[in-house]
Every structure is written in C-alpha cells, then in structure tokens.
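Every number in this text was worked out from the coordinates using simple rules, so none of it is lab data. Here the structure is a predicted model, which is why all the values come from computation and not from measurement. Methodologically, a virtual Cβ is constructed for each residue, glycine included, from the backbone with ideal geometry; neighbour enumeration extends over all protein chains shown.
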Amino acid sequence: MFENFKTPEELIPSDPRFGCGPSLIPVEFVEKLVATNMHLLGTSHRKSAIKNLVKEVQEGLRSYFKVPANYQIVLGNGGATLLFDMIALGIVDRKAAHFTCGEFSNKWFKSTDLVPWISAVEHTVEYGQGIDGQNVDDADLIAVTLNETSTGVQLSALPEVDEDTLLAIDATSGAGQIPCDVSKTDIFFFSPQKVFASEGGLWVAFLSPKAVYRAMRISEDSDRYVPGIMNWKTALTNSEKNQTYNTPSVSTLFYLNEQIKLMNELGYDKVCNLAQEKATFLYNWANEKDYLSPYIAEEKYRSTAVACIDLDEKYDANALIKLLADEKVVYGIDAYRKLGRNQFRISLFHNVTLDNLKKLTQIIDMAIQQEK
C-alpha cells in the first residue's frame, strides 16, 4: 500500500518534524548556541553565566504565565517523570487522588501508588475520553493532567479544591499553549521538550505558597525517607539562587530560554489562540473526510497541543507514515505505540506552523485518494 506514492515537491513542508516529543527545535536556536563559542558550554552551573541563564528562564516563565509573585519557580534534573515520585515522596501528606485518561496520567498514579506510607486512589475513564477531576474529601492532593500526550485529551476545566488540599497539574505536553490559570493551581509542572522546543532531562515546577509550606514541612520530617535528588528543600533553596541542585544540560536551558523569549513576544493569549486555530483546522479536516475521524469524540476534551486522528482500517497508517519518513518529508506522526490504533498523532506545538499542517493534510489526502 502507498508503494507508488511520491510527495509532490510543492507540498513538502519547510520542516518535516510533526512529532509530539521531543519537539521541533528551530535550527536558529542551535546556531545561536554555537555562536556563544567557548563562553557557555562547559561552564559550571555555579558560575554567573549559567546562573544568569537560569534566572532569565525563571523571569521569562513568570512573565509569560503571569505566575504570582509569591509562587516559586523551581528547576531540576530528571524530567517531569521524576516529579511523579518527587511529589509523592515529598509533598503528599497522606493520600493522593489521581484522575487518569491515558498512559502518562496512569503512570503518575502508579508512581504514587508504590509509596508505602501514603495511599493513592485512581479515578479513571477509558482512553479517548476526558476527565477534569474534582475535590476528594479525604485526599490532600488532587492530581490531574493538563494534556494527555498519548491520546490527545486535555482538561476542559480546572477542578476546585479545598484550602487543605493541593492541586497538582502535570502540564508536560500542554504547558505554554493550553489556557491554564496557574494561580488556581498549587503545583504546575512540565518538561521543556514539548511546546517549549528544548530537550529532555529538565523539569520546571511552579509552586504556590501552600505547596512550598507542605514541601518544607515534610522535608524537615526526619522520619520520612526522601532521596537527596528528590528533596524539595534542596530544590527550592537552589532555585532561589538561580541554580539546579546537580549539573544541568546547558544546551537544554539555552534552547528553553530562546523559546520563552520567542513566545513572550506574542504573549500567552496569542500563542493559545494560534494553537486553537491549528487545532480547529485539523479537526475540521478530519470531520470532512469519510476516511478520517477525530479520536476524541467530545469536542471540549480535544487537545490544542496533540491531535489524534483515526484513519479508516482500509488504509494502513503505518505504511504511509513509513513512506513519508523514508522520503524525509514528514517525521513523527505515529500513533502512541501502546495505543495500537490505526491513526495519526500530530503535534500542534507552537513551532509547527499552520502552513506546514496544511501541506501535511494535503499529502495524506493525496496518498489516500491514490489508493481508492
């Protein structure tokens, strides 16, 4: 199938990268890093060059997300997945309630559930459905996922929690272009290799005063075991000094900072509007074709960061994906591997342009029509 298809020259996207992680890093970011010559890479993260870079990242994020002045912006190594354990070990007091709708939200629940001195409960829906979460009376932390990367489901509203409960948001693949008032959250965390066009290995978290208080209280509890790399007191103390606890990837910080500057030029609202425009185009395209359909049936849960589009079983999505990758015109539109569906999973991240998405859809349409 699709053996005789050849992408027309005029439809080749200006950038072939449509993957949902790692993200599309602009070539000019790499060129800017090279231009720093010997004055950045290889520098200790305790020196001013790196501390100033971390400070610029923190200030840029505070401005972009309008993070309240009394919130802490904390950075550390290990990626957002490390925070699954770090939150369970060092911020959950007695019980966490997780609302899950896919592979990564379920992975977070499983991490919490493994900690023997706290309890965890899972409220879940079938893959392809959305769930917003709600307050749970006996839980002191509510865990929800802003954007489920595996299925393309996003929150339609933030749950409200009581004054003794923390609201924690895994925002990894949605932070930056899915609207979210971080002042209504207590822990808002993400990795920069999605919307923020950097590489993995770093985590960023915004902590409310309520979350900082809980984290500091637990970190000073000598009876609770927390590995040094996951100690919130250490992470908070270092971030106040514009540092990470252990040595970070300088290139990751550099690319992140360049993307923050780029997105701050437009502002959060404009970036979210552009994401919605791309999402509207892609879902309308899927609805208009008899061989396509949006995987997420309920519109309010359809992601503006990750779009999953089902393809009629008569056509082999993987065969077309492989052909386009072999041609080097389109990369990364495979369905999430564990989902096992005949579908395309397409990134709508900020650096993926609407023009290139239009070319991608025309390529897919042309290939399908040739097989009819």
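Using only the Cα atoms of the range 113-240, construct the convex hull and provide its projected area averaged over every direction, in square nanometres to one decimal. Walk me through the intermediate numbers first.
Details: hull surface 35.2 nm².
Over all viewing directions, the range 113-240 projects a mean Cα-hull area of 8.8 nm².
Please list, in order along the range 222-239, the HN-Hα scalar couplings obtained from phi with the Karplus expression 6.51 cos²θ - 1.76 cosθ + 1.60 (θ = phi - 60°), rounded to whole Hz, x for Gly and Pro.
5, 8, 9, 7, 9, x, x, 5, 10, 6, 5, 4, 5, 5, 5, 4, 5, 5
Amide H of residue 17: which non-local residues (sequence gap of 5 or more, or other chain) have their own amide H closer than 5 Å, using H built in the peptide plane?
Answer set, sorted by chain and number: 331.
Any idea what angle helix 354-371 forms with the longest principal axis of the chain, computed on alpha-carbon atoms, 0 to 90 degrees, nearest 10?
The two axes meet at around 40 degrees.
What trypsin sites (Lys or Arg not before Pro) does the range 86-191 have in DSSP loop regions with at most 11 other beta carbons within 10 Å?
Details: sites: 94, 95, 107, 110, 184; in loops: 94.
Hits after loop and neighbour filter: 94.
Taking the Cα centre of the range 39-265 as the origin, how large is its charge dipole in debye, to the nearest 20, when only Lys and Arg (+1) and Asp and Glu (-1) carry charge on their Cβ atoms?
Working: 19 positive and 27 negative charges, 218 e Å.
Using Cβ point charges on Lys, Arg, Asp and Glu, the range 39-265 gives about 1040 debye.
What angle, in degrees between 0 and 90 and rounded to the nearest 10, separates the Cα long axis of helix 250-266 from the longest principal axis of the Cα atoms of the chain?
With both axes taken from Cα atoms, the answer is about 70 degrees.
List every residue whose amide H lies under 5 Å from the amide H of residue 335, counting only residues 5 or more places away in sequence or on a different chain, with H placed 1.01 Å from N in the peptide plane.
343, 345
Reported to two decimal places, what Rg/Rh ratio describes the range 17-145 when computed on Cα atoms with Rh from the Kirkwood expression? Could you put the intermediate results ahead of the total?
Numbers: Rg = 19.1 Å, Rh = 18.0 Å.
Using Cα coordinates only, the ratio equals 1.06.
Would you work out the relative contact order for the chain, in percent, from Cα pairs under 8 angstrom that are 6 or more residues apart? Present the calculation step by step, with values, prior to reporting the outcome.
Values: 730 pairs, mean separation 93.6, N = 372.
Dividing the mean separation by the residue count of the chain yields 25 percent.
Angle, helix 103-113 long axis vs. longest principal axis of the chain, Cα atoms, 0 to 90°, nearest 10?
20 degrees
If I take the Cα coordinates of the range 39-265 and project them onto the principal axes, what are the three extents in Å, biggest first?
51, 41, 28
In the range 39-265, with Lys and Arg counted as +1 and Asp and Glu as -1 at Cβ, which of these residues, 144, 172, 264, has the Cα nearest the positive end of the dipole, that is, farthest along it?
Checking the options against the dipole of the range 39-265, the answer is 264.
Looking at 190, 153, 115, which one has the Cα that reaches farthest to the positive end of the dipole of the range 39-265 (charges on Cβ: Lys, Arg +1; Asp, Glu -1)?
Of the listed residues, the answer is 190.
Determine ³J(HN,Hα), in whole Hz, for all residues of the range 285-298 in sequence, where each value follows from phi through the Karplus function 6.51 cos²θ - 1.76 cosθ + 1.60 and θ = phi - 60°; x replaces Gly and Pro.
Computed from phi, the couplings for the range 285-298 are 4, 5, 6, 7, 9, 6, 9, 10, 7, x, 5, 8, 6, 7 Hz.
Among the listed pairs 95/184; 66/107; 328/372; 194/300; 322/358; 338/359, which have their C-alpha atoms separated by more than 26 angstrom in this model?
Numbers: 95/184 21 Å; 66/107 29 Å; 328/372 24 Å; 194/300 22 Å; 322/358 20 Å; 338/359 28 Å.
Going by Cα-Cα distance, 66/107; 338/359 fall outside the 26 Å limit.
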